[in-house]
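Taking it in order: structure first as structure tokens, then the write-up.
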Amino acid sequence: MDYNFKEVEKKWRGRWFASDIYTAKDNDKREKKYVLVEFPYPSGSGLHVGHAFAFTGGDVYARFQRMRGYNVLFPMGWDAFGLPTENYAIKKKRKPQEVTKENTDMFRSQMKDLGFSFDWDREVNTTDPEYYKWTQWIFIKLFEKGLAYKEERPINWCPSCKIGLANEEVVDGKCERCGTQTEKRNITQWIVKITEYADRLIDGLKDTAFIEKVKAAQINWIDRKEWIDITYPVADSQESVTIATTRPDTNYGATFVVLAPEHALVNRILSGEVKTDEDLGKIKEYVVKARNKSELERQKEVTGRDKSGVFTGLYAVNHLTQAKMPIWITDFVLSTVGTGAVVGVPGHDIRDFEFAKQFGLPIIRVVVGSDGDKSEIVNKEQVQEDEGVMINSGFLDGMEIKDATTKIMDYIEEKGWGKRSVRYHLRDWIFSRQHYWGEPIPMVHCEKCGWNPVPESELPIKLPEVENYEPTDTGESPLANIEEWVKTKCPKCGGEARRETDTMPNWAGSDWYYVRYLDNKNDKAMASTEKMNYWLPVDVYIGGDEHNTLHLLYSRFIFQFLYDLGAVPIPEPYYQRISHGVILGSDNRRMSKSKGNGITPDEAAEKVSVDALRAYLMFIGPFDGTMVWNDNALMGVKRFADRLYKYFDTNYSKAGETSSHEVNAMLHRTIKQVTEGFDSFQYNTIVAKYMELLNFLEKADSKDISKQVFSDFVKLLSPIMPYMSEELWNIMGYKFSVHNQSWPIFNEEYLVTENIEIPVQINGKLKGRITVPNDAEEGAVRELILRDNTLAEYLSGADIKKIVYVKGKIANIIV
RNA sequence: GGUCGAGUGGUGGAACUGGCAGACACGUGGGACUCAAAAUCCCAUGCUAGCAAUAGCGUGAGGGUUCAAUUCCCUCCUCGACCACCA
């Protein structure tokens, strides 16, 4: 009989979702397993292959763990706020709420088609007021704890999206969303003090089992370093200048000081407060030009380019050498890093070297590398940056860089010339967006009382439904145009007040969604303590590399904050983090509509069945790899699926009561390898093992194969090929459903045989194989080798020096 | 420049804790079935030499440890991902 996959899929999909086989039971006696995949942004174009790949990876794991007896929570929801929906809604003159509803309906239906075993009772949607009520609640708590403040600061402004962007959303000086070059604007924004948690975000990683690269990405992004701020007196004046450095060990080689154009001392020079003999006009010209440079120009790769700068006419005095170091102004020093002033050590920093060359400043070598070169530094290649031994450095001479750094820091502090400080690359988090389709920030401004949160009882502050929500050119949120919504009473004094019209960034809703899955209908709390105690932490979190830094960091920060509040029971939300890979189009480029190289999971499933598509996705490569879509390989998996069904269809009725030893050994080897494959996310090898087992069975005599083999095989298949497994399970006469059967148990005994075949090497080269009893000792094996005709031939006349026999594995004869 | 990772047939990729390199699949060649094609099935397929048995070579390059190295150590090369005027 032919396998009509479309009918089979339709039949079982209905059965599955009408039953409770995928339902996670709260506070069950079984051990829990919380399997989380990143929830998608429901775009109008539907589920793409990348989604199907990532979700299949989560689904097979969830199904596997359910069969192993765990109470599995595998939920799904929608990260639905965001610009594409807003832009689409504006263009089509429709409400984003409606558009979102349509898109999530489409996504949900596609997910059901693909057989994902999500527990739909727990669905969440970040745009649902009952959900964002708690997103707003979290913001109020941040404000109350002093972790959210409003400040005017230059932000990255995208002139196309008309939105302020966090530094993280600007890539190469361009808007991450639309690619337009960003500019700088001053806007008053809500800022969240994530830097307060910088150390804990590093330390907390110890309690997780994240893969190394994820931990590294987090630590790198936070980038905690010990600096020292050194204050130099300015010669012939009462002024001083404080520079910040992480490399004070090279201070004997310092020959100049450079200031950012925004530095306070620069302002005082320009205003005449600090006297200089240099031409003020010339200084001013440079500073004005530098300050007006776009972010892009200043951020561009700086080494290897001509440096620009201007001399202030002032000198800083190096405490160590009493050398007078000329103070320059240059645009490669950033006012936002350190103190906005840097000491130039041209012998040991490429930028400083280029700057010194450009303006004829002295260059001193203070670190000697392994080549022992102590000559004068004349070219870039001689600049020794981070390895070597100190010279020309007084009491530091002969020390390694690391020791010298500690020593000189102590010394500088002792002398009162400077002070250590810890700094991070991580910056505070700009939390305001000037858009409609986001969570309203639940704050009210009163002329008398300043900013206050709305009372918790008034949450959620709902987005008003309006006709026109296009962004404004003034930079204000479209909500600012809705006077009746903006006007409100001050929660403190009851007087006239105005609502905050900015909305939250996309990250806000996705920071805590995995908590809401636990208790998505709770109107008293984000989730009940009881449920959080049972389900948290997330055991496995599957997501893309692109979220390993920001999303993971932001959500861990919010969770740690909630822990401090007592709102969640443990300090870290995720135990294990698994990266899923990427699937490129068959032309080796990212799939996209404009390139026309896209394939949708729907069309592939239509062609080869959902099961074959799923097996293909798991088979094409390692789960975290970068794979190229290959239609031929897809058809290969389809052939396997057809062959599989046909094999069961024609052979199950002939199955016997017991299996031969070989069949049992093969089955149990497969059970072992498939189980280990699921445990370690090596899905590609699992599909290969399925194929091997089928290849083996097809060649075996059906009277040697018991019914047990068939049913165990179906169980092994079921996580990856849920529809066909269910169908076969049913055909074999078993009760619904294969998906809540218990996982086959590997039994080592089946692998044990009396005689085993081992390879025999002569001088490390494979020359033959012999059969030996499994418990044979070296002497016996030697006898057997010498008795073997072909091997004996190789050995005739040879002088056997030694035989190495590794029991049950290999023999190696040294002649 | 920093951090992390990877180099294995024509291709995607397997290989436990150092123990038969190339599982599984794609592709290719040949064959069966067919009036023919598609589909399906069977055989072969790392490279070189040879009719063959067989021999030599072979996991980015070079060296080392070992009876034995894709796996461990040293030196170097190449590629990828993420981050980056961070001082």
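Throughout, read-outs are computed from the coordinates displayed, never taken from laboratory work. All of these numbers come straight from a predicted model, not from anything done at the bench. So basically every Cβ, Gly included, is an ideal-geometry build from the backbone, and we count neighbours across all protein chains shown.
For chain A, the share of DSSP beta bridges that are antiparallel, to the nearest 5, is 75%. Here the Karplus relation 6.51 cos²θ - 1.76 cosθ + 1.60, evaluated at θ = phi - 60°, turns the backbone of the stretch A:662-677 into coupling constants of 4, 5, 4, 4, 5, 4, 6, 4, 5, 4, 4, 5, 5, 4, 5, x Hz, with x for every Gly and Pro.
Computed over chain A, the per-residue total of -39500 (n - 2.57) for DSSP H runs of n ≥ 4 gives a 222 nm mean residue ellipticity of -11000 deg cm²/dmol, rounded to 500.
First check a/c for the stretch A:551-674, with a ≥ b ≥ c the square roots of the eigenvalues of its C-alpha gyration tensor; if it is under 1.5, answer rounded, and if not, answer prolate when a/b is larger than b/c or oblate otherwise. Each step should come with its number before you reach the end.
Values: a/c = 3.09, a/b = 1.42, b/c = 2.18.
Verdict is oblate for the stretch A:551-674.
Diffusion coefficient of the stretch A:418-467 by Stokes-Einstein, Kirkwood radius over Cα pairs, 25 °C, 0.890 mPa s: 167 µm²/s. Across the cross-link table entries A:Lys25/A:Lys715; A:Lys638/A:Lys699; A:Lys10/A:Lys92; A:Lys213/A:Lys380; A:Lys184/A:Lys487; A:Lys462/A:Lys492, which are compared at the Cα atoms, the separations over 25 Å belong to A:Lys10/A:Lys92; A:Lys213/A:Lys380; A:Lys184/A:Lys487.
For the stretch A:742-755, 3J(HN,Hα) computed residue by residue from phi via the Karplus equation (6.51, -1.76, 1.60; θ = phi - 60°) reads 8, 5, x, 9, 6, 10, 4, 4, 5, 8, 7, 10, 5, 10 Hz, glycine and proline entered as x. Both numbers refer to the Cα atoms of the stretch A:29-119; Rg and Dmax are 15.4, 52 Å. Put simply, the Cα atoms of the stretch A:23-66 extend 42, 18, 14 Å along their principal axes, the longest span coming first. Of A:Asn684, A:Phe640, A:Met666, which is farthest towards the positive pole of the stretch A:635-691's charge dipole, taken about the Cα centre with +1 and -1 on the beta-carbons of Lys, Arg and Asp, Glu respectively? The Cα lying farthest towards the positive end belongs to A:Phe640. Residues whose amide H lies under 5 Å from that of A:Gln189, counting only those 5 or more places away or on a different chain, are A:Glu151, A:Glu152, A:Arg153; hydrogens are built 1.01 Å from N in the peptide plane.
The packing ranking, built from the mean of other Cβ atoms within 10 Å per residue, places the peptides A:345-358, A:657-670, A:2-15, A:534-547 in the order A:345-358, A:534-547, A:657-670, A:2-15, highest first.
Partner lysines whose Cα lies under 17 Å from the Cα of A:Lys809, excluding those fewer than 8 positions away in the same chain, are identified as A:Lys765, A:Lys767.
Decide, for chain A, between rounded, prolate and oblate: order the square roots of the alpha carbon gyration tensor eigenvalues as a ≥ b ≥ c, take rounded if a/c falls under 1.5, and otherwise choose prolate if a/b is larger than b/c, else oblate.
Verdict is oblate for chain A.
Straight Cα distances below 14 angstrom link A:Lys215 to the aspartates and glutamates A:Asp199, A:Asp203, A:Asp207, A:Asp223, A:Asp545, A:Glu546, A:Glu572, with same-chain residues fewer than 8 positions distant left out. For the pair the stretch A:190-256 and the stretch A:86-105, the centres of their Cα atoms are 44 angstrom apart. Computed over neighbours whose Cβ is under 13 Å from that of A:Glu38, the net charge equals -3, Lys and Arg +1, Asp and Glu -1. When each of the peptides A:46-53, A:481-488 is scored by how many other beta carbons lie within 10 Å of its residues on average, the order from highest to lowest is A:46-53, A:481-488.
For A:Lys595, the aspartates and glutamates whose Cα comes closer than 16 Å to its Cα, not counting residues fewer than 8 places off in the same chain, are A:Asp587. Across chain A, the relative contact order, built from alpha-carbon pairs under 8 Å that are at least six residues apart, equals 14 percent.
Between the amide H of A:Asn71 and those of A:Glu31, A:Lys32, A:Lys33, distances stay under 5 Å, these residues lying 5 or more places away or on another chain, with hydrogens modeled in the peptide plane.
As a rough guide to protection, the peptides A:179-185, A:684-690, A:497-503 ranked by mean Cβ packing within 10 Å, highest first, stand as A:497-503, A:684-690, A:179-185. Backbone phi angles across the stretch A:49-63, fed through the Karplus curve with coefficients 6.51, -1.76 and 1.60 (θ = phi - 60°), yield HN-Hα couplings of 4, x, 4, 4, 5, 5, 6, 4, x, x, 4, 5, 5, 4, 4 Hz in residue order; Gly and Pro are listed as x.
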